[in-house]
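Read the figures in this text as sums done on the coordinates, not as results from a lab. Here the structure is a predicted model, which means the values were calculated and not measured. Neighbour counts run over all protein chains shown; Cβ positions are idealised from the backbone, glycine included.
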Amino acid sequence: MSKVKLDKKTLNFKLWTYFIGFASTIMIILWLLQIVFINSFYEYMKINEIKKIGDQLVSQYGSVDFEEILIEKSFSEGISINILDESGRLIYPLEFFDIIRQPRLETNTFSELLTRLYKSENNTTIYTRDDSRLKFPVLTYGAILENPQSTNYFLYINTVIEPIDSTVSVLKNQLIIITILSLLLAVGLSFLISKKLSKPIVDITQSAKNLMRGNYNIEFKKGYYTEIDNLADTLNDTTAELSKTEDLRQDLISNITHDLKTPLTLIKSYGELIRDISGDDKEKRDYHLDIIIQETDKLSHFVDDMLDLSRVQSGLKSLEIKEIDLLECSQKVINRFNYYIEQEEFQFSISSKGFTKILGDESKIEQAIYNLVSNGINYSKDNKKILISVEGSDQWVRLAVKDYGEGIAEEDLNRIWDRYYRGGKLHKRGKTGTGIGLSIVKSIVIAHEGKYGVESVLGEGSTFILEFKRA
């Protein structure tokens, strides 16, 4: 029979340990204070109490109602209060027969009192002494009552420090009960709280395992606490992004399959034609070779697009920031499209307004503009116009690239900036690339702390907008 191994790292075990430890600590403190140190504490409190009464009486000495104050304190506090002269004779309180007997304080006791008083710095003293007539120690307070016109008097207070064994016994019985109840309550509470705390974490862990297996339809449940809710929200957002990435990956595989298969098929077909038919016919051979070259160029461009994003993102870590003119960058980019102007009758126009200089990495900014213009060319129809405008304001310089192509469906506007995404599910021949051109633009703009956006009407064209902080 296998033994179940206790996992001491679980939240349940940790909380249970902490609760038991906390309850045990409280109980130990209570036992020390209420049982072990209670006699010392009681004596300490008694000394402070008598000293406070004595100091108060010394300060009130000489008042008209001083005798009444002594009587009231003696009865209310249950202590003996006497006034003695310099020979130890009782001055107050005196009963009828005390006037005849003239009682005195025992000589040794009075001598000890005087010795301590004259050695003190503030004319007061407090100490405990043993009395053979009593079983328990006596707490004594003495003070010199100065009389400017005659000899000094002495305030003498004493009280018995009675043991509190009976009280300690009662407290001990109560503490035994409280200790047992506290430990049981700590065990129960720790079990309930740990279960309530650990359950949402266990649920999230199980959901994470399902996510690891590729199930993107799961939902991370929220718990009873803000931190658990925040974790669940973050994981749900992560799951949504992973699901989106998986969809994009499937689209990418479909697009790559199409974009690779078609040119490879054409290359193979025209290669066979050259081999079997047009090898000796220069005109046909050159025509077939041109098609092979074009398809090879498309494949090369396709692979380059696949690598561009990682190259750009790694390069964004070390931007060479300087002052550049966004208008001049746009003109340089247009000059790279002379082929489309001469061979495919594209028309490019550039306009500007205001201050057009920004702080940025010139090569990266030009690549962003190039991708937008290339995107406009790819999706243009019969109206082969590309309009570029650069406009400066107080804080920003705005670049807009407008085409009159297919436009973008409203449901695709928020997704076109995602890597590998290409608007629409129908993949058409001629739309080469991997769908990462706009993702590259987005990465460059974010690295420059700029803004990006698009305005589009399906069937009428699109306007891509970039904004950079002006120099």
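Is there a quick way to get the dipole size of the stretch 319-469? I mean about its Cα centre, with the Cβ of Lys and Arg at +1 and of Asp and Glu at -1; what is the value in debye to the nearest 20?
400
Using DSSP to define loop residues, name the chymotrypsin sites (Phe, Trp or Tyr not before Pro) in the stretch 161-229 whose beta-carbon has at most 16 other beta-carbon atoms within 10 Å.
Within the stretch 161-229, the qualifying chymotrypsin sites (Phe, Trp or Tyr not before Pro) (loop, at most 16 other Cβ atoms within 10 Å) are Y216, Y224, Y225.
Please report, in debye to the nearest 20, how large the charge dipole of the stretch 61-163 is about its Cα centre when each Lys and Arg carries +1 at its beta carbon and each Asp and Glu carries -1 there.
380
Translational diffusion coefficient of the stretch 319-469 at 37 °C, 0.692 mPa s, Stokes-Einstein with Kirkwood Rh over Cα pairs, in µm²/s as a whole number.
210
Assuming a ≥ b ≥ c are the square roots of the Cα gyration tensor eigenvalues, decide whether the stretch 61-163 counts as rounded (a/c under 1.5), prolate (otherwise, with a/b larger than b/c) or oblate.
Rounded, since a/c falls under 1.5.
Give the residue list of trypsin sites (Lys or Arg not before Pro) in the stretch 181-271 that are DSSP loop and have at most 13 other beta-carbon atoms within 10 angstrom.
R213
Under a plain spin-label model, where a point goes 7 Å from the Cα along Cα-to-Cβ, how far apart in nm are T128 and K469?
Going from the T128 label point to the K469 one covers 7.5 nm.
Assuming R0 = 25 Å, what is the FRET efficiency of N338 and K381, from their Cβ-Cβ distance, to the nearest 0.05?
Rounded to the nearest 0.05, the efficiency is 0.70.
Which of the aspartates and glutamates could a cross-linker span from K332 if the Cα-Cα distance has to be under 12 Å and same-chain partners fewer than 8 positions apart are dropped?
E362, E366
Measure off 7 Å from each Cα along the Cα-to-Cβ vector at K353 and L458, then give the distance between these two points in nanometres to one decimal.
3.1
Going 7 Å from the Cα of E86 in the Cα-to-Cβ direction, what parts of the stretch 129-161 have a backbone nitrogen less than 11 Å from that spot?
147, 150-153
Cross-link candidates for K14: which lysines have Cα within less than 16 Å, leaving aside residues fewer than 8 places away along the same chain?
K5, K195, K196, K199
Calculate the FRET efficiency for Q149 and F75 from the Cβ-Cβ distance with a Förster distance of 22 Å, rounded to the nearest 0.05.
Step by step, r from the Cβ atoms, then E = 0.10.
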